[in-house]
Amino acid sequence: MKEIIIQILKKSGITLKDSEIEKLIEVPPSSDFGDYSFPCFILSKKEKKSPDKIAEHLTEKIKLPGEIEKVESKGPYLNFFVNKKILAEQIIKINSNFGKSPIGKNKKIVIDFSAPNIGKPMHIGHIRSTILGDSLMRIYSFLGYDSIGVNYLGDIGLHIGKLIVAYELWLDKDALKKNPVQELLRLYVKFCAKEKSKLTEGVEEEFQDNEWTNRAKEKLKLLELGDKNTEKIWHDIRKSSEKGFNKVYEMLNVDFNETVGQSEFSEHGKKIVTNALLKNIARSEKDGAVYVEIDRQKKFILRSNQTASYITYDIGAAVERYKKYNFEKMIYVTDFRQKDHFDKLFKILKLFGYDFSDKLVHLPFGTIRFGKEIIATRTGDIILLEDVLKKTIEKAEKEIRKRKTKGDAEKVGVGAVKYVVLKSSPSADVQFSWEQALNFEGDSGPYIQYSYARASSIIKKAGKFNKSKIKILNLTPAENNLVKKISMFPEIVINSEQSLNPGLIANYSFELAQIFNEFYHTCPVIGDKSEAFRLLLVDAFRTTIKNSLYLLGIEVAEEM
């Protein structure tokens, strides 16, 4: 509908670009002011008239297509009233492709998300990157892009050196077989406890100079040099970790196009750093450490012992990915605390002459909390993601039994967690509670899933009906609200992609479910004189809410 209004305005003589007009079009706070409004302030300076006069003048010039019933000027605003019957006719004809678009055709989007560290368990903090990245993948694919999901495992770095030392000193082989996630966590926490007393305050982790940190650095050096025994331990740690990761991904129904470790880009990154040294873009310290100057500060990109640092791997990975995919955009979905790292990474790539650095985007997200505690793997004081999912599924099962309804507890439980995570904008912190997540009556995943199941029940009860002769009578307010809300879905999807915020879709889903339930309570369907139209409207709601939930990675159920 916005596109129609854009064309109306352009034909009336407005010389703004389509994108500029689209950004200005608003949805009024009250239906008394129409379905869409266009403010004329921006035209005032150019035409040297008051915005009120411009709006009044445009009202007289505008020629309306059938989709728009009327246009009125109200002060500086042009208010457009949609022809509800024509819109309703369009809505009841939608199919499973509703909301899809070819705007991304022949364009590749790479999304780097989840990215747990080998040797550490996935905790509740990982869920945000995993669910956000998966939702963005779905949104981009829905809009015609070739979306490529990369799980960039932290399989190298100081934490790996620490684990290898701990593995050699304290491994319990039986515990590793029984529960590899817990045993690796125990080893890491034990090492960190030993190291803690030796740490120098204010010194970055990789530049610490003490017995335990240096032992970890030595193991990392041996690993990069290809020491067979060190490599074997490293492979054992990685294999054990990935078993735990895959269990969580299966529960979340999350897939990746590519799972790759940071270690695979060590040599690529080093070659790029060496080339930068030869070109005098990078410089070397007396001890051999290599750095570049970013924002008048030294940023080290190779350690003094010539092993790669985290940013070395990321430099190599970015360059190799662009060679492989020639992407339109690459999005890194990580914790907000990595913002400085990515700011510097993008600037370093630009400094090294890689113009594709302009296509790199960091999507930082806030913290997810249980109570007031932030999760920290170093201390072992963490909430495991697998445990959270299992507990949510158990609680969903109890809630379903208590309500004496049907429903798949795993779909409800996992969907509840995903909705809580996604409904807030990525930058906002999330306060998690099971009471909120599993509330069937409020702003929650189960409420939306239940609304879909309720609509499915109506369609099932109706059986076959004549769809060929649908006569749309004057729409009731509840019907009109539902038609209008459904029609907004394609625009919501595009806005969500442009803002990198699946929360727009999550909140739309809840509002749509609310409007449907208002319709359900005020408009009888089966047996009413408008039965055929209302059944098609219910089915259009089902299609829209199913597509909407799919983009959030939430499964629907026909019965609940």
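Couple of notes before you dig in:
- Boolean, residue 458 is among the β-branched types (Val, Ile, Thr), crowded, with 19+ Cβ neighbours inside 10 Å and modelled with pLDDT of 90 or more: no
- The condition of being assigned by TED's automatic domain parsing to the domain that holds residue 219, in contact with a Phe, Trp or Tyr (Cβ under 9 Å, 6 or more places away or on another chain) and surrounded by fewer than 16 Cβ atoms within 10 Å (Cβ to Cβ) holds for only one of 301, 281, that being 281.
- In this structure, residue 135 does not qualify as modelled with pLDDT of 95 or more and on the phi > 0 side of the Ramachandran plot.
- When the range 75-112 is limited to residues that are of a type in the set (Ser, Thr, Tyr) and assigned to a loop (DSSP other than H, G, I, E, B), the one that is surrounded by the fewest Cβ atoms within 10 Å (Cβ to Cβ) turns out to be 96.
- Test set (1) at pLDDT 85 or above; (2) surrounded by fewer than 20 Cβ atoms within 10 Å (Cβ to Cβ); (3) more than 30 Å from residue 162 (Cα to Cα) - residue 405 fails condition number: (1)
- Hey, residue 183 assigned to a helix (DSSP H, G or I), out of contact with any Phe, Trp or Tyr (no Cβ under 9 Å at 6 or more places or on another chain), at pLDDT below 95 and not assigned by TED's automatic domain parsing to the domain that holds residue 236 or not: no
- Residue count for the range 501-560, restricted to those that are under 15 Å from residue 459 (Cβ atoms), hydroxyl-bearing (Ser, Thr, Tyr) and buried (at least 23 other Cβ atoms within 10 Å of the Cβ): 1
- In the range 39-48 there is at least one residue that is surrounded by 14 or more Cβ atoms within 10 Å (Cβ to Cβ) and among the polar types (S, T, N, Q).
- Scan of the range 503-560 for residues that are without any contact (Cβ under 8 Å) to a residue 60 or more places away in the chain and on the phi > 0 side of the Ramachandran plot, ordered by number: 527
The values are calculated or read from the model by the stated rules, or taken from the named source; none is laboratory data. It should be emphasised that the depicted structure is a prediction, and the values quoted were computed from it without experimental measurement. Every residue, glycine as well, gets a Cβ built from its backbone with ideal geometry; the counts of neighbours run over all protein chains shown.
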